[in-house]
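One structure is given below, encoded as structure tokens.
The values are calculated or read from the model by the stated rules, or taken from the named source; none is laboratory data. Since this is a predicted model, take the numbers as computed values, not measurements. Because the Cβ atoms are built from the backbone with ideal geometry, glycine has one as well, and the counts that use them run over all protein chains shown. Just so you know, the surface numbers come from the protein's heavy atoms only, side chains and all, with ligands and any DNA or RNA stripped out. Shrake-Rupley method; radii C 1.70, N 1.55, O 1.52, S 1.80 Å.
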Amino acid sequence: MAKAVQLARFLGWFSFGLGLPGVAAPKQFTQFIGVKGDLEDRKWSYVVGVREIIAGAGLLIQPRPVIWAWSRVAGDVMDIALLGRALSSKKAKKPDRTAMALAAVAGITLVDLYDSLALSRKPAGASKKNKEVEAMQVKKAITISRSPEEVYQFWHNFENLPRFMQHLHSVQVTGDKKSHWKAKAPAGTTVEWDAEIIMDTPNERIAWRSLEGADVENSGSVTIKPAPGGMGTEILVDLSYKPPAGPIGAAVAKLFGEEPSQQIQQDLRRFKQIMEIGEVVVSDATFHERPHPARPPETTANKETKAKK
Amino acid sequence: MGKKDVKVEEVPDPKILMRQDAIVRITSTTICGSDLHLYDGFIPTMEKGDILGHEFMGEVVELGSEVKNLKVGDRVVVPFPIACGRCSMCQRTLFSLCENSNPNAHIAAALMGHSPAGIFGYSHMMGGYAGGQSQYVRVPFADVGPIKVPDGIPDEKVLFLSDIFPTGYYAAENCNIKPGDVVAVWGCGPVGQFAIASAYLLGAERVIGIDRFEYRLRWAREKAGAETINYEEVDVKETLDEMTGGRGPDACIDAVGLEAHAPGFVGAYDRAKQAVKLETDRPIVLREMIMSCRNGGTLSIAGVYGGFIDKFPIGAVMNRALTIKTGQTPVQRYMQPLLQRILNGDIDPGFVVSHHMSLDEAPRGYEMFVNKENEAMKIILKP
Ligand SMILES: NC(=O)c1ccc[n+]([C@@H]2O[C@H](COP(=O)([O-])OP(=O)(O)OC[C@H]3O[C@@H](n4cnc5c(N)ncnc54)[C@H](O)[C@@H]3O)[C@@H](O)[C@H]2O)c1
Ligand SMILES: [Zn+2]
Ligand SMILES: [Zn+2]
């Protein structure tokens, strides 16, 4: 999965690179690929260029850009058809160049196809219930304008973690080193486990791991150190989850959404917000669970006139 | 409600969502050149129904429980970047790079590596905040951004503290102006006008404004005191060389941005762009500034860029030791000192205003401003 997303990112940049000349200099571009470059060809060159740029942006921005990857495959097919038509008609001023372009497109189609298939595959374990589910490990860092002591104290109370860690429902401290964790699984269910602190060096490091009988075996640590130049505190968080086989494993695989690394980075941004300004920052759009335009919530009674896009 | 489609609609009142929020009843707002990039569809992650607008002022009508510096009834100008005041960027007064104010930081980081601050009414990638082209707006971090302005001074004199006055000033300050310096400013829109005026405030000896609209060039000459070049009539670099003893200007300011109109001089590539009326991130002004600037000079980029450019003459930048300075303006840093300048009478920012309209006429205002009709310079909208 991660590799497929990486490849998608590469294809995104590639798309940008491909798209620009077709849009910016359609005349030169059509000549370069060996077709006549009349107005009709240039129009197509422009259309194809815009398509590449849009697909590029989609591949770069979406967390799991399945649709955009497939849009590239569809685009490749369109290119092959266009070039093929050019080759078989009188349009090919330089047939060898057009043939080369055709071969290049055919090659990239294979890569696009491979990536789309890989992206379309459900995240590991989500479909096959009995298959071993992939373990997940994520390391993320952030700098916080607070002292190591403050950061350590806040984190040390595990009951604070659900305030910024999206996948957690609640954590209850049950003893000196023991705690009970509940995480949000799909369809309103939860998975649970008990955990114990296995290392606790004040203001430097806390490490924990789940105990026997956990729905999901997991461990984590936070390493805390002063940032250079007295500019606060650097933390490095390291989380690993080993989902078991079976339906619980499949649910756990979805705990962190499609891109665990991005979600945990967002968790750390929220942690920083709580430490630095006392609450999690929301905008009119992010205040809601679902995507929402940048405008106030629809609940209040008074209506106002606003210019909007 | 899509590209080039702005509507006025009834929406619910904003609410306090965080303890440091204020709700402001807007008395004046404007359309900024940056809104045109959204309007024309160049900034990704806009959604149907987003409220635009990031340059505004008004009266505080409601406060969150933790706001200490403001009272209900205060008259305030609100800076366009949203900044928390606590993070390491804010502590260094780099407010437009606030690390906490963009709740959609992950989207911006995917596109740009790291995320800048959130901005009012400026796409979801920049936070998904409702903008100020409205009757009421929610203002987060009310103790950090909004600045109180005295009663009795008209809106149009202080409104532009919200964005374009600090933006022009920041662009000029980034030029590191020394006595005797010649500064060239590409674009004589409202931002260009303030860049010209600010370059003089900061001690430039000569300022040269570049545009193609004669009324904007006239404005630059008569109201901001610039010499001017119409880039459709002459070659810009040659003319700048002639005007500066062959050295080129000491500093060049880009007050145009990603929608630069192609003057068709950097070879066939740009001519082809012009022929198809290309509208993507176009580095036309950047290239021209790089080629024109004197050796060891400074390029100050105020114009907004969203994504990617090509054919960027990095060889000229490197070999001729040019400095590039840029950024969304850290407006919070400049509001107090520039308010003082206004109160001292050093400058009257009202000189850029060309039209007053009601908020209901916003769609027409966008049309006029984007097409440069009716000698539109800066349009003030009144809710
Ligand atoms: N950095 C910031 O924080 C910040 C803040 C506000 C605005 N901006 C940006 O500043 C830019 C200008 O804003 P504005 O409100 O003045 O917009 P505007 O559209 O009124 O002005 C742009 C001007 O540039 C001129 N122009 C176009 N192509 C040119 C070229 N090749 N050479 C010379 N001039 C050219 C246009 O004719 C126009 O007069 C925009 O990109 C806007 O997004 C940046
Ligand atoms: Zn602006
Ligand atoms: Zn900040």
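Other chains' Cβ within 10 Å of B:47-57 residues: what's the mean?
The per-residue average across the peptide is 4.
Which shape class applies to segment A:129-308: rounded if a/c is under 1.5, otherwise prolate when a/b exceeds b/c and oblate if not, where a ≥ b ≥ c are the square roots of the Cα gyration tensor eigenvalues?
Here segment A:129-308 falls in the oblate category.
Specify the inter-centroid distance of segment A:239-255 and segment B:77-149, based on alpha-carbon positions, in whole Å.
Segment A:239-255 and segment B:77-149 have Cα centres separated by 37 Å.
Tell me the total accessible area that A and B bury against each other, 1.4 angstrom probe, in square angstrom rounded to 100.
The summed interface area works out to 5400 Å².
With a cut-off of 8 Å between alpha carbons and a minimum separation of six or more residues, what is the relative contact order of segment B:315-383 in percent?
So the answer I get is 27 percent.
Starting from the residue with the highest accessible area, list A:Glu204, B:Glu55 in decreasing order, probe 1.4 Å.
A:Glu204, B:Glu55
Where does the charge balance sit around B:Asp151 when Lys and Arg score +1, Asp and Glu -1, over other residues with C-beta under 14 Å from its C-beta?
Residues close to B:Asp151 contribute a combined charge of +1.
Across the residues of B:94-100, average count of Cβ atoms on other protein chains within 10 Å?
Taking all residues of B:94-100 together, the mean is 3.
Shape of segment A:183-236 from its Cα gyration tensor (a ≥ b ≥ c, root eigenvalues): rounded if a/c is under 1.5, otherwise prolate when a/b > b/c, or oblate?
Here segment A:183-236 falls in the oblate category.
To the nearest 10 square angstrom, how much accessible area does A:Ser170 have with a 1.4 angstrom probe?
Only protein atoms counted, so the area is about 40 Å².
For chain B, what is the accessible area per residue in Å², given a 1.4 Å probe and the full set of protein chains?
35 Å²
Given Cα pairs under 8 Å that are at least 6 residues apart, what percent is the relative contact order of chain B?
18 percent
Summing -39500 (n - 2.57) over the DSSP H runs of n ≥ 4 in chain B and dividing by its residue number, what mean residue ellipticity at 222 nm do you reach, to the nearest 500 deg cm²/dmol?
Result for chain B: -8000 deg cm²/dmol, rounded to the nearest 500.
So what does B:Asp360 come to for accessible area, using a 1.4 Å probe and Å² rounded to 10?
100 Å²
Taking a ≥ b ≥ c as the square roots of the eigenvalues of the Cα gyration tensor of chain B, is the shape rounded (a/c under 1.5), prolate (a/b larger than b/c) or oblate?
prolate
In what sequence, largest accessible area first, do B:Leu111, B:Leu338 appear using a 1.4 Å probe?
In descending accessible area the options line up as B:Leu111, B:Leu338.
Less than 9 Å Cβ to Cβ from B:Ile16, Lys/Arg counted +1 and Asp/Glu -1: what total charge do the surrounding residues give?
+1
When only the heavy atoms of the protein chains count and the probe is 1.4 Å, how do B:Ser101, A:Ser145 rank by accessible area, highest first?
Highest to lowest solvent-accessible surface, that is A:Ser145, B:Ser101.
Could you order the peptides B:115-128, B:175-188, A:256-269 from most to least packed, using the average number of other C-beta atoms within 10 Å per residue?
Ranking the peptides B:115-128, B:175-188, A:256-269 by packing returns B:115-128, B:175-188, A:256-269.
Order these peptides, B:64-70, B:372-378, by their mean beta-carbon neighbour count within 10 angstrom, highest first.
Going by the mean number of other Cβ atoms within 10 Å, highest first, we get B:372-378, B:64-70.
Among B:293-304, B:40-51, what's the highest-first ranking by average C-beta atoms within 10 angstrom per residue?
Ranking, from highest mean packing down: B:293-304, B:40-51.
Of B:Lys7/B:Lys325; A:Lys140/B:Lys311; B:Lys7/B:Lys68; A:Lys254/B:Lys3; B:Lys7/B:Lys157; A:Lys140/A:Lys178, which sit over 30 Å apart, Cα to Cα?
B:Lys7/B:Lys325; A:Lys140/B:Lys311; B:Lys7/B:Lys68; A:Lys254/B:Lys3
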